[in-house]
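Notes follow the structure.
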Amino acid sequence: MDLLIHGGMIVTMNPEGKIWKEGALVIKGDRIQDIGPQDDILKSHPDIRRMDSSGKAVLPGLVNLHTHTVLTVLRGVAEDAGIKSIYEQMMPMTDLMTPEDRYNMALLGCLEAVKSGSTTIVENFSHMADIVPAVDRSGLRAVVSEMVNDADLLEIRKGNYRFDTKIGESLLKKNVDLIAKWHGRGNGRIRCHFGPHAPDTCSPWLLKEIKTLAEKMDLGITIHIAQSPGEVEQVVRREGKRPVEYLEAADFLGPRVIGGHCVHLDQKEIDLLGRTRTHVSHNAAINARRGFIAPIRALKDAGANIGVGSDNMSEDMFEVMRIALMVGRIKTGNYEAFMPQDVMEMATRNGAKALGLGKEIGSLEKGKKADVILMDLKKPHLVPLMNVMGNIVHTGLSSDVDAVIVDGQILMEGREVKTLNEEEVLIRAQKTTERLWEEFFRKYR
């Protein structure tokens, strides 16, 4: 598709922070061919289909560095169960779901992601083979991985950490099979990682196997780190080390790894993550709901690259950015610790860097992939407009996103998603969730 977007405010999110109040950009195929002041671009490209973005901000698509689309099934319930929701609700519910259930709920998560302005999601969950077709159908760019562990996750809710090599071998094979089938599909729009679950559920043997395969195949790794007090206690009890120390002793950390959460850290762990250049996904909204705040300013100062993720029950990255700014200021007691520009960078360029895609996505620049969103600024909560970054982060809403383009393809225009039937997705998700919760209460309560 060739398209010229003009008339809006182009917020490039490039390293120089370039903004054109009246700018334009040209998409040729799946890439940005040209970008600059509106008059110059219109003269240089007179015969291309045009999209008028007057009154809108044109931004790079948001990068959700940590999410589980299927867990929309827990929405409205797990948010108020705290950290115990992981093993008391999430894992049992996952066990109950059929392939069709996972597909239906993943469609809902992807629909929300598109309507919320995400163009890239990092999706890690069990039975990923059932989920990726939904992600692919939505048109999103995605980095996917099978959740791999050798602890029996259903036993943990009973207080039992039981390790079984056969579980680890089986799940690791599923991750390898996922890579063989999906890595590079959709013009490279679908990519794969390895997805070890967490330090408390992965033995040293399994971590070594995953690290070896990731290096051999030159792929990234997505893992939860220091997500809960229980995780820390279990790793210390088993290994005599805290989670980050355990991963470092296993030679597991480094720029190939994205650590989700990284909440319950001591200073030594913060320094280790920074020194090893391990990337961190700051899942601010879900952790704030659980009553936790990650030491993000300290991690950033230590040298870690910080992105942001929505994690469970929501795909709303505008909420995530706003909460990240707020909790960052609360954690440090300093309002200057995080500014709108900082969290916008986390949600765009930093996320792209964590995925090794910094040359492809994360900012609007010539030659980069055409992952673009248009945000309607003609809203009461966004007027007056004096500082576009401040307005977007402090008062912007996901419902302000008017259009979404991924890989040069229009996924949404005028709030209408073109790749999915919204009404059908909502109906199927509601029916699926009602049935699953009935089964859950019969089996687990």
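Couple of notes before you dig in:
- Expressed as a fraction of 2.2 N^0.38 Å, the C-alpha radius of gyration for the chain is 0.95.
- When only the Cβ of Lys, Arg, Asp and Glu is charged (+1, +1, -1, -1), the dipole of the range 345-445 relative to its Cα centre reaches about 380 debye.
- When each of Lys84/Lys158; Lys166/Lys208; Lys28/Lys181; Lys181/Lys368; Lys181/Lys431; Lys211/Lys359 is checked by Cα-Cα distance, pairs over 19 Å: Lys28/Lys181; Lys181/Lys368; Lys181/Lys431; Lys211/Lys359
- Order by protection proxy (mean Cβ within 10 Å, highest first), peptides 141-154, 380-393, 93-106: 141-154, 93-106, 380-393
- Cross-link partners of Lys21 among lysines, defined as those whose alpha carbon lies under 19 angstrom from its own and excluding same-chain residues fewer than eight positions apart: Lys43, Lys56, Lys366, Lys378, Lys379.
- Take the range 220-289 with all the other protein chains still there, run a 1.4 Å probe, and you get 33 Å² of accessible area per residue.
- Nearest 10 degrees, 0 to 90: helix 165-182 Cα axis against the chain principal axis: 20 degrees
- Mean separation of Cα contacts under 8 Å (6+ apart) over length of the range 98-195, as relative contact order %: 26 percent
- Between the helical axis of 204-217 and the longest alpha-carbon principal axis of the chain there is an angle of about 30 degrees.
- Where Rh is the Kirkwood radius over Cα pairs, Rg/Rh for the range 88-232: 0.96
- Stokes-Einstein D in µm²/s, Kirkwood radius over Cα pairs - the range 323-445 at 25 °C with 0.890 mPa s viscosity: 138 µm²/s
- The modelled label-to-label distance between Arg238 and Asp266, using points 7 Å beyond Cα along the C-beta direction, is 2.0 nm.
- Between helix 229-239 and the chain: long-axis angle, C-alpha atoms, 0 to 90°, nearest 10: 50 degrees
- Per-peptide packing, taken as the mean over residues of other Cβ atoms within 10 Å, places 425-435, 69-79 in the sequence 69-79, 425-435 from highest down.
- Size of electric dipole in the chain: Cβ of Lys, Arg +1 and of Asp, Glu -1, about Cα centre, debye, nearest 20: 360 debye
- Farthest towards the positive end of the charge dipole of the range 74-182, among the residues Ile179, Gly82, Gly159, is the Cα of Ile179, using unit charges on the Cβ of Lys, Arg, Asp and Glu.
- Report note on the peptides 203-210, 276-283, 61-68, 15-22: ranked by the mean count of other C-beta atoms within 10 Å, highest first, their order is 61-68, 276-283, 203-210, 15-22.
- Shape parameters for the range 293-371, alpha-carbon atoms, Rg then Dmax in Å: 13.2, 41
- Relative contact order (%) - criterion: Cα under 8 Å, at least six apart; region: the range 290-445: 17 percent
- The chain - percent of accessible surface contributed by carbon and sulfur, probe 1.4 Å: 49 percent
- Among beta bridges identified by DSSP and lying wholly in the chain, the antiparallel ones come to about 45 percent.
- Solvent exposure of the range 78-156 amounts to 22 Å² per residue of accessible area, where only protein heavy atoms count and the probe is 1.4 Å.
- Ranking His261, Cys110, Met321 by Cα position along the charge dipole of the chain, where only Lys, Arg, Asp and Glu carry charges on their C-beta atoms, puts His261 farthest toward the positive end.
- Shape class of the range 9-160 from the alpha-carbon gyration tensor: prolate, with a/c at 1.5 or above and a/b greater than b/c.
- Cα gyration tensor shape of the range 164-213, rounded if a/c is under 1.5, else prolate or oblate by comparing a/b with b/c: prolate
- For the range 210-316, convex hull volume per residue from C-alpha positions, Å³: 106 Å³
- Global geometry of the range 1-60, whether rounded, prolate or oblate, following the gyration tensor of its Cα atoms and the 1.5 cut on a/c: prolate
- Shown for the range 253-341 is the translational diffusion coefficient from the Stokes-Einstein equation, using the Kirkwood radius over Cα pairs, a temperature of 4 °C and a viscosity of 1.567 mPa s: 100 µm²/s.
The values are calculated or read from the model by the stated rules, or taken from the named source; none is laboratory data. The structure displayed is predicted, hence computed values, not measured ones. All Cβ positions, even for glycine, are placed from backbone atoms using ideal geometry, and neighbour counts span all protein chains on display. For the accessible areas, the whole protein counts, side chains as well, though only heavy atoms, and no ligand, DNA or RNA atoms are used. Shrake-Rupley method; radii C 1.70, N 1.55, O 1.52, S 1.80 Å.
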